[in-house]
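Below: one structure, written as structure tokens.
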Amino acid sequence: MRADEGGGSPGVFSGIDPDALKGTIDSVRRDQDTLQSRAAYYRTRLAYYGIGDTELGDVLKVAAWARDELPMLKRRHHLAMRMENDPYPGFEGVVRIDEARVTRAANAVAARDAKRATELAKKNPQDLSPQEFDELNALLAANYDEYPFAEKLVGALGAKKTLRLWSDLSGLGHPDGYGQTSDFQRADELDDMQKNLSLTIAAATNSDSPAMTKWKKDMVAIGDKPIRDFGPSPHSGSAGPEGFVVMSNLMRYGDYDDKFLEDYGTALIKEDRRVLEEAGQLYGTGWGTEEHVNHLGNDRGTDPLTGYMKALANSPDAATAFFMAEQKGEDGKPESNFKYLFEERKWPNDSMPGKESVTGLNSMGHALEAATTGHRPGEQATTEDTKHSQDQADLFSALVKSVSEDQDRLRSHAFLSDSFANISAEYMPDIHRALDSDKANGAKLFPLPGVAAQIQKYDAARFLHAVARNKEGYDRLNVSQHVYAAALMEAYAKHPDAYPQNTKGTINELAYETGLFQGVIGAGRHFQADKDGMDADARDNAWKDQVGTWGGSLVGSATAIATAPFTGPGGVVAGGLAGTASGEIFNGILEGFGDNGDGLKQQVYKNVQNMGQVEDSAILTTQESVKAATGSEEEESRAGHAAGKGFRDADSLVSDSEAAA
């Protein structure tokens, strides 16, 4: 924890690492309980002998102090969990919180607000006045990160009441019977209510209070059961949707506790297999429900995997654990959740009437991004994120292998290509190692700080070809690889002893590998363009604006991957490598290269249907990368020949791997 004057903002700010603080809280809670119980025990036992009273009294004071400080630590942790927190400059994984909000008075206010919110939440939602609905919504929005509001409210409701609360609230705008009308005046506010309730529940799951420990256990246990009791016969009526359906719609926002997500996911997949298997049988209904359970996005919310995938996208560690976890498949053998969801599961059509929704599968793509990279989609990789774990690397290997074995697994859901390209941007060293024919020193040419994904050459070629057939996939692979290569060239130019060859040889090798990579993905995009009879995709101002939505984080991540092996202690880039070359190349791809004084620049990658133009673009961009990295026109010229050879050799690689089959 570190305090400073908040960079021009009033007040004092602390830098908090949420994960580290959570560990401290757990330790303090556990140890103060131990101190309290053991010191009291020995104080009583030794009192007979007239010894230990003062000393053990001091220990009890320490335990009492720790107990009194826990609420303040927990408050800081809740504030630090806010997903919109600004990072603390110079410290990876650390966020800024306003210390002015860390007071016992603020805790008291949050507890008071929780009491009022509980009173409102326990009422029958149909009996809430418009003003009371607004009050509850406002209390949730203002307090979800204000300890102890969330844990007191959600813990007081209990698991089943939480589900019934949202189910009843969500249906307020819809009349019970045909031809009836609803006089509910806040239908347009149900999306905000869903978001605010989600954020509150997510915050509460990070609590270890007895009530929330029970809530989490109960929620997993009742997920496969209807949320209401059946009425008396003969008119029993519906008992409502299963708990998983309702709860998963409250997972679309917020940072849930990792352990809870893992336990919930295990139970959910087990039930999902049963439900979808029975859906194909007589009277099977699948996950369908007539109730309105979702007001966010364009899906009905009846598929519980959708909201759960969104929760995993916000919790990378839980996402990795979930996708790598195994359950029994149809043949009775262990099968990873990744294999089940990507290769086997028939994702139900959950579209709202008149709207086409692919939210479920798209959310799975985002969850896979988090699981393989260690950070949330759209965020830039930190130095720590680049150190892929064994599970992360194994998951990416499985992803590549799966697409390679059957490209239709991706092609039938081509909208996943942007997520797969984003993931690939952070596994550039692993992919290049697979493509590189130098098996003796290729790993040294493409160093990485973590565990390497094990990928075969032809698998890599087929995977890249498949991803690049989609415009979004191609654009992201194209940009991220060029940026990665430029950053790596710059690193080697400043660290010439890091690879067995001299600088000229090293740069030449990187130029060839860049040409090879760009040739493979260029072939993929060209193949699909010809197959669909598409006109050339224009990289105009509209395209530049679109790239602006993802380019920054992608460029930063690709640069981090390239420079991480050359970094010093604390993640500070050794030798001053700040990715200057990568920035120049990114700008050049957007705005064009060169300026002869007439203000005209040479645009690259304007026409994917003209492979000659694509080859020229790959060569020019590679040469510009070399020039930016080394400042040498001689090496720039030599790199052009190497990149051209690599690009042309890609034809043989695509053919031999049957990537275009």
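The values are calculated or read from the model by the stated rules, or taken from the named source; none is laboratory data. Every value quoted in this text rests on a predicted model; they were computed, and no experiment measured them. A quick note on method: Cβ atoms are made from the backbone with ideal geometry, for glycine too, and the neighbour counts reach across all protein chains shown.
Summary of values
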item: Number of positions in the range 620-638 that are over 34 Å from the mean Cα position of the chain (by Cα), part of a helix (DSSP H, G or I) and not hydroxyl-bearing (Ser, Thr, Tyr); result: 8
item: Filter result (out of contact with any Leu (no Cβ under 7 Å at 6 or more places or on another chain) and of a type in the set (Gly, Ala, Ser)) within the range 479-508; result: ALA486, ALA487, ALA493, ALA498, GLY505
item: Selection within the range 353-375 - farther than 18 Å from MET309 by Cβ and not in a loop (DSSP other than H, G, I, E, B); result: none
item: First in the range 427-444 and over 19 Å from LEU464 (Cβ atoms), second anywhere and of a type in the set (Gly, Ala, Ser) and in a helix (DSSP H, G or I), Cβ under 8 Å, 6 or more apart; result: LYS444/ALA498
item: Candidates ASP350, ASP385 - the one that is among the charged types (D, E, K, R) and over 18 Å from SER315 (Cβ atoms); result: ASP350
item: Residue tally, condition in contact with a Ser or Thr (Cβ under 7 Å, 6 or more places away or on another chain), crowded, with 20+ Cβ neighbours inside 10 Å and modelled with pLDDT of 90 or more, over the range 328-369; result: 8
item: Some residue of the range 121-137 being in contact with a His (Cβ under 9 Å, 6 or more places away or on another chain), under 17 Å from LYS195 (Cα atoms), of a type in the set (D, E, K, R) and not assigned by TED's automatic domain parsing to the domain that holds PHE244; result: no
item: Conditions (1) over 20 Å from SER412 (Cα atoms); (2) under 24 Å from the mean Cα position of the chain (by Cα); number of the one not met by TYR458; result: (2)
item: Of all residues in the range 138-165 being farther than 27 Å from ASP183 by Cα and either small (Gly, Ala, Ser) or not assigned by TED's automatic domain parsing to the domain that holds ALA111 (or both), the one that is surrounded by the most Cβ atoms within 10 Å (Cβ to Cβ); result: ALA150
item: Answer residue from the range 387-402, given it is touching an Asp or Glu at 6+ places or on another chain (Cβ under 9 Å) and either crowded, with 23+ Cβ neighbours inside 10 Å or not assigned by TED's automatic domain parsing to the domain that holds ALA562 (or both) and is farthest from LYS457 (Cα to Cα) among those; result: HIS388
item: Residue count, the range 509-544 (criterion: at pLDDT below 85, under 30 Å from the mean Cα position of the chain (by Cα) and in a helix (DSSP H, G or I)); result: 4
item: SER417 vs. criteria modelled with pLDDT of 95 or more, surrounded by 23 or more Cβ atoms within 10 Å (Cβ to Cβ) and over 20 Å from LEU448 (Cα atoms); result: yes
item: Residue match in the range 280-290 (condition: among the acidic types (Asp, Glu), over 23 Å from ARG411 (Cα atoms) and crowded, with 19+ Cβ neighbours inside 10 Å); result: no
item: Test result for ALA453, in contact with a Lys or Arg (Cβ under 9 Å, 6 or more places away or on another chain) and not in a helix (DSSP H, G or I); result: yes
item: Selected residue (only one of THR372, THR382 is out of contact with any Ser or Thr (no Cβ under 8 Å at 6 or more places or on another chain) and among the β-branched types (Val, Ile, Thr)); result: THR382
item: Filtered residue count, the range 376-435, keeping only those that are farther than 20 Å from ARG476 by Cα and not in a helix (DSSP H, G or I); result: 6
item: Every residue from the range 624-661 that is surrounded by fewer than 22 Cβ atoms within 10 Å (Cβ to Cβ), touching a residue at least 24 places away in the same chain (Cβ under 8 Å) and among the polar types (S, T, N, Q); result: THR630, SER657
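Per-residue answers, yes or no, for (1) in contact with a helix residue (DSSP H, G or I) (Cβ under 6 Å, 6 or more places away or on another chain); (2) at pLDDT below 95; (3) within 21 Å of HIS292 (Cα to Cα); (4) not acidic (Asp, Glu):
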position: ALA108; (1), (2), (3), (4): no, yes, no, yes
position: ASP113; (1), (2), (3), (4): yes, no, no, no
position: ALA121; (1), (2), (3), (4): yes, no, yes, yes
position: GLU132; (1), (2), (3), (4): yes, no, no, no
position: GLY173; (1), (2), (3), (4): yes, yes, yes, yes
position: ASN196; (1), (2), (3), (4): yes, no, yes, yes
position: THR200; (1), (2), (3), (4): yes, no, yes, yes
position: ALA211; (1), (2), (3), (4): yes, no, no, yes
